[in-house]
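Beneath this line is the structure, given in structure tokens, with notes to follow.
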Amino acid sequence: MKDDVFFSMIFSICLLMALAYIIGKWDFMKKILRQRGWGKMDPEQRRAETLEHQIQLGLIMGLFCVVSNTIGFLVDGSIPNSRVIGAMSAGLLGGPVSGFLAAGIGAVHRYLGEPDRISTTACCLATLLQGGLGSLIWYGHKKRIDYSSGLLFLATMLAECVHMGLIYLLSFPRVEALAILNIIAVPMVLINPVGMVLFFAVIRDAIRQADREEAAGVSRSLRLTERCVPYLQACGDAEANAAAILKIIVEEEECEGAAFVRDDHFLARTEAFQGVTLMSDHLPDILNRCRIQNDVVAEIRSVPDTDPFAALAENYVVLAAPVPAFAPGMDYLVVLVRKSIYSSEADQSYVSGLARFFTIQLTLSQLEEQKNLLRKAELQTLQSQINPHFLFNALNTISFFCREKPERARELLMDLSTYFRNTLQDVDSMVTLGEELAHVQAYVSLEQARFEDRLRVTVEAEEAELCVLVPNLILQPLVENAIRHGAMTQSVGRVIIRVRGEGEDTVIEVRDNGGGVPEHVVCALTRGESVGGRIGLLNVQKRLLQIWGESAGLAVTREDGWTCVRTRIAHTVGACRVQAG
């Protein structure tokens, strides 16, 4: 007899292990076990979904209690079974809602199945207590369900001891109760605790396996996005970039084909789409639904033969998601997945996430391009402001020397040519400090010819620092500001240009003996605002900060009657040296 009891309970435990493996794969069970996944929900929505999951868990474990009652082996009015695992684990996993729901289902079924047996009352009451005990432990564990195997074993053993005690106390006559206990007590008290430990072990293993698969998917997605970023940020041929992205998608993911559709034609497509023809007045139905819903859409069933995607839908699940940033108009990402491996939630989330990633990256790329265009426009504004004003004064000066000193006029024309050649270069080009100083010296020569003895400019540059690369037109605005707003406010103006090395950095200083830079101008420069027509200083400041960061920002100081504008270029950050040729 006892052998039959052991066999019955072991069979029940095996069934429980299979159930544990299955429910461990379900998303709602993962959320219950992890106690996360609702971060974006408001509290009311979170409570509603939590309650829904707890009810689902209670119903599933209640069903296990029913199965356990059904397959149990009848022993003199009692049925030895593993009902305790279903009732108690529901409480351990989901709290009182799950615990009492599962226990109630198990107790009601036990009563309706054998209402006249002497142990029915004791078994029903014990089942309810087991659900309550699991819920109590859930609360005592602060709703965390990382139970140790020892706790699970001892708690289940305690629950079964209480069960056996209730059978003895509530079953009459006592002789028959003792006869039942003699057969079922040892198997149930020893085997069910082991079954509870195994149940949780299988669930944990299923969750870990799912986590490993999820982590592998995340890693694959990150690798895919990393490979796609250069093509998303690249300018030029949009079709070639889109084709390269599709090739990466097919290589990295388990899909049979992919395509980008722009309005009514293919921007790019893989081989699986080669036989498909799109027409502006007859687009695939999935693209129309995608446009209306503005979200990912899946075509799982076959579609009418007139649909352009009809042949594809026969063999694959077709998924489409909007990608609105490739160009003006409506673009779609279309992916084909084999029906045998299609997972609705996972695949739809993947395609939707991929489309959103493409949209964000393309939008950022467009914003960066607009930012660069704006910066170029600002620099071109600086150039256009410098050229007419300076050209007028330089030509007047040269025309004067043409009569008195023609050789000097020739030199000044050469200086003017050098100045404008450098000024009209690409504002994004990098030049050596030596080349930039040559540009400045051409400018200074023209200004000295104009102001004669009223302007004295000195250049002090260490030879080793002249090969440092800097952006074109970075020094001339500083010198012009020192001459116009500083030195020439004095009867005799002086300007000193210094370039020297300090450790791994290059320090550039432009000093003048003028009255100093007003405090409100310095504050405006710090805030990135142009004041008093000093647009040159602001442009230099922005370019320095963009390339070298805060350490290279312009510092304006007043020392011993001299105004000093200083910047520090760190070689390790952005500047570099060129080898002397």
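The values are calculated or read from the model by the stated rules, or taken from the named source; none is laboratory data. Everything quoted here is computed from the prediction, not taken from an experiment. Because the Cβ atoms are built from the backbone with ideal geometry, glycine has one as well, and the counts that use them run over all protein chains shown. Only protein heavy atoms, including side chains, enter the accessible area calculation; ligands, DNA and RNA are left aside. Shrake-Rupley method; radii C 1.70, N 1.55, O 1.52, S 1.80 Å.
Miscellaneous remarks
- Close amide H contacts of VAL495 (hydrogens built in the peptide plane, cut-off under 5 Å, sequence separation of 5 or more or a different chain): ARG456, VAL457, THR458.
- Residues in the stretch 262-277 carry Karplus couplings, in order, of 10, 6, 10, 8, 7, 6, 7, 7, 8, 4, 4, 9, 4, x, 9, 10 Hz; the curve used is 6.51 cos²θ - 1.76 cosθ + 1.60 with θ = phi - 60°, and Gly or Pro positions show x.
- Computed FRET value (nearest 0.05) for VAL507 with LYS405, which takes r as the C-beta separation and R₀ as 35 Å: 0.40
- Sorted peptide list for 177-189, 402-414, criterion being average Cβ within 10 angstrom, highest first: 177-189, 402-414
- With a simple spin-label model that places each label point 7 Å from the Cα along the Cα-to-Cβ direction, the separation between THR526 and SER429 comes to 3.7 nm.
- Using the Cβ-Cβ distance between ALA570 and ARG47 with R0 set to 35 Å, the FRET efficiency from 1/(1 + (r/R0)^6) comes to roughly 0.05.
- Where VAL492, VAL229, VAL479 fall by accessible area, highest first, once all protein chains stay in place (1.4 Å): VAL492, VAL229, VAL479
- Residue-wise HN-Hα couplings along the stretch 444-451, as the Karplus relation 6.51 cos²θ - 1.76 cosθ + 1.60 with θ = phi - 60° gives them from phi, are 4, 4, 5, 6, 5, 5, 6, 9 Hz; Gly and Pro carry x.
- Between TYR342 and LEU63, the contour length at 0.36 nm per residue exceeds the Cα-Cα span by 97.6 nm.
- Convex hull volume per residue for the stretch 117-204, taking Cα atoms only, in Å³: 87 Å³
- Between HIS265 and ASP560, the FRET efficiency from the beta-carbon distance, with R0 = 51 Å, is close to 0.10.
- Counting 0.36 nm for each residue step from ARG454 to ILE547 and taking away their Cα separation leaves a gain of 29.8 nm.
- Chain lengthening between SER491 and ALA464 when straightened (0.36 nm per residue, less Cα-Cα): 6.2 nm
- Share of carbon and sulfur in the accessible area of the stretch 113-189 stands at 70%, probe radius 1.4 Å.
- Here the Karplus curve 6.51 cos²θ - 1.76 cosθ + 1.60, taken at θ = phi - 60°, turns the phi angles of the stretch 100-105 into couplings of 6, 5, 5, 5, x, 4 Hz, with x standing for Gly and Pro.
- Positive minus negative residues near ALA126 (Lys, Arg vs Asp, Glu; Cβ under 13 Å): +1
- Under-5 Å amide H pairs with ALA268, H placed in peptide plane, nonlocal only: PHE260
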